[in-house]
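These notes are about the structure you will find just below.
The values are calculated or read from the model by the stated rules, or taken from the named source; none is laboratory data. Source: prediction; values computed, not measured. Note that each Cβ is placed from the backbone with ideal geometry, even for glycine, and that neighbours are counted across all protein chains shown.
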Amino acid sequence: MTLIGRIASPAPTLDSKTSVSDAIEYLIANKCEHAFIQHEGEMVGIVSAERLLQGFKSRASAPIQEFMEPIITIKGNEPEARAEEIMTKYGAECVAVTNQNGVFVGVAAFKKINRSHKKP
């Protein structure tokens, strides 16, 4: 049984006031599909590049907080299967991984979980 914390990747965090265009540029430059959103030092949401690109034409200068979704979290000592169950239940592409104290340590993406299941 693989624990989700073992496959969690570092995830970018952006300030809630970052513009959509700046966020898209950052995600492309860093080859990321998602970014977690911070407001006054606290994680408050997540945005996907896909959702930002959909809103780009009409709202390029809008702050990304207008496009964020709630964060779904899981403790790093939970099994991958539990993370996959949670993502399926909520229709999420990724979950935020925290340590036992609830401190954000990374992100686990559905794509990465599926790849780790295929490893010998």
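Looking only at segment 29-58, filter to residues that are among the small types (Gly, Ala, Ser) and part of a strand (DSSP E or B); which one of those is nearest to Thr73 (Cα to Cα)?
As a first pass, look at segment 29-58 and keep what is among the small types (Gly, Ala, Ser): 29, 35, 41, 45, 48-49, 55, 58.
In the following step, the residues that additionally are part of a strand (DSSP E or B) were identified as 35, 45, 48.
Values: Ala35: 14, Gly45: 11, Ser48: 16 Å.
Per the criteria, the residue is Gly45.
Tell me which residues, restricted to segment 68-110, are assigned to a strand (DSSP E or B) and of a type in the set (A, V, I, L, M).
Of the residues in segment 68-110, the ones assigned to a strand (DSSP E or B) are 69, 73-75, 79, 94-98, 104-109.
Across segment 68-110, the qualifying residues are Ile74, Val95, Ala96, Val97, Val105, Val107, Ala108, Ala109.
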Inset, instruction - Taking Ala83 as the residue in question, decide whether it is buried (at least 17 other Cβ atoms within 10 Å of the Cβ), modelled with pLDDT of 85 or more and either under 23 Å from Ile4 (Cα atoms) or β-branched (Val, Ile, Thr) (or both). - result: yes
Legend entry - Near pairs, Cβ below 9 angstrom, 6+ apart or cross-chain, from segment 44-67 (over 30 Å from Val103 (Cβ atoms)) to any residue that is part of a helix (DSSP H, G or I) and of a type in the set (Phe, Trp, Tyr): Gln54/Phe67; Gly55/Phe67; Arg59/Phe67
Legend entry - Counted residues, segment 39-84 - those being closer than 18 Å to Asp15 by Cβ, under 11 Å from the mean Cα position of the chain (by Cα) and of a type in the set (Val, Ile, Thr): 3
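Restricting attention to segment 14-28, report how many residues are surrounded by 13 or more Cβ atoms within 10 Å (Cβ to Cβ) and outside any helix (DSSP H, G or I).
Taking segment 14-28 first, the residues surrounded by 13 or more Cβ atoms within 10 Å (Cβ to Cβ) are 14-16, 18-24, 26-27.
Still in the running and outside any helix (DSSP H, G or I): 14-16, 18-19.
Number satisfying all stated conditions: 5.
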Inset, instruction - Taking Asn77 as the residue in question, decide whether it is touching a helix residue (DSSP H, G or I) at 6+ places or on another chain (Cβ under 7 Å) and either farther than 16 Å from Cys32 by Cβ or modelled with pLDDT of 90 or more (or both). - result: yes
Inset, instruction - Look at segment 29-43 and say how many of its residues are loosely packed, with under 13 Cβ neighbours inside 10 Å and either β-branched (Val, Ile, Thr) or touching a residue at least 12 places away in the same chain (Cβ under 8 Å) (or both). - result: 1
